[in-house]
């Protein structure tokens with residue numbers, strides 16, 4: 001990760017801290033962390049008042065299987081209880097659709113349940129702490145993701161540091177190969193909460209249909225465009 005990429009992410013985090021965002025690292029520093037925020041301030045189109053939303057639960061490949069994910073999740077749950085929240089919720093997906101999203105098998109093992117499912121295969125899972133709490137759910141724009149424009153349309157934020165590097169690369173590749181491409185940079189919470197996809201960090205559409213939340217390199221994008 002370059003310095004500029006890191007700065008873009010840090011600036012995004014800095015602006016969220018006053019909204020209640022928590023960025024907690026394990027003893028392994030940047031290789032293991034959890035990032036969560038009161039759902040009312042989450043940059044995703046969900047209805048989850050009174051819940052904590054987990055932006056990211058990340059453990060690098062070499063450190064998986066050592067209990068770090070459980071440790072990080074427990075820290076979030078302790079905080080949720082201390083804040084008297086209804087519980088915690090998070091996005092996940094199965095198989096190849098899971099890139100950059102949580103593993104539903106791990107979440108199920110920890111007691112999470114599916115509260116809502118988007119048409120594109122991304123699920124909203126939740127772990128309640130209050131028995132009478134209303135489960136969180138997607139807004140209609142996230143449950144049925146679509147855009148009106150033809151060609152490629154990308155919605156993205158600075159939450160993930162890699163968008164800072166790769167989005168301009170894909171824009172250049174699309175222009176060079178005369179591929180219709182429109183990038184929409186989400187810079188405000190209200191815009192994110194009404195975006196046409198369950199994921200706002202990176203949501204790529206093609207001819208109106210959601211394609212992927214996987215961040216594309218220029219080469220991956222050109223391969224996708226050729227299909």
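Quick note: the coordinates plus some simple rules give every number you see, no bench work behind them. Predicted model, so just to flag it, every value in this text is computed and none were measured. In this analysis, Cβ positions are derived from the backbone assuming ideal geometry, glycine residues included, and neighbour counts consider all displayed protein chains.
Results, tabulated for the structure shown:
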| item | result |
| --- | --- |
| Distant alpha-carbon pairs in segment 34-161 (separation over 25 angstrom), percent | 24 |
| Segment 100-163-segment 7-48 distance, computed between alpha-carbon centres (Å) | 16 |
| The chain - mean residue ellipticity at 222 nm from DSSP helices (-39,500 (n - 2.57) per run, n ≥ 4, rounded to 500) | -8500 deg cm²/dmol |
| Among 173-180, 70-77, the order from most to least packed when residues are scored by Cβ within 10 Å on average | 70-77, 173-180 |
| Extent along principal axes [Cα atoms of the chain; Å; largest to smallest] | 53, 37, 33 |
| Principal-axis tilt of helix 68-82 within the chain, Cα atoms, nearest 10 degrees | 60 |
| Rounded to 10°, Cα long-axis angle of helix 3-17 versus longest principal axis of the chain | 50 |
| Cβ crowding within 10 Å averaged over residues, with 18-27, 209-218 ranked highest first | 209-218, 18-27 |
| Measure of compaction for segment 120-218 (Cα Rg per 2.2 N^0.38 Å) | 1.21 |
| Mean Cβ count within 10 Å, highest first, over the residues of peptides 130-139, 34-43, 198-207 | 198-207, 34-43, 130-139 |
| Rg and Dmax [Cα atoms of segment 99-174; Å; Rg one decimal, Dmax integer] | 16.5, 51 |
| Mean separation of Cα contacts under 8 Å (6+ apart) over length of segment 75-220, as relative contact order % | 23 |
| Cα long-axis angle, helix 162-176 against the chain (0 to 90 degrees, to the nearest 10) | 20 |
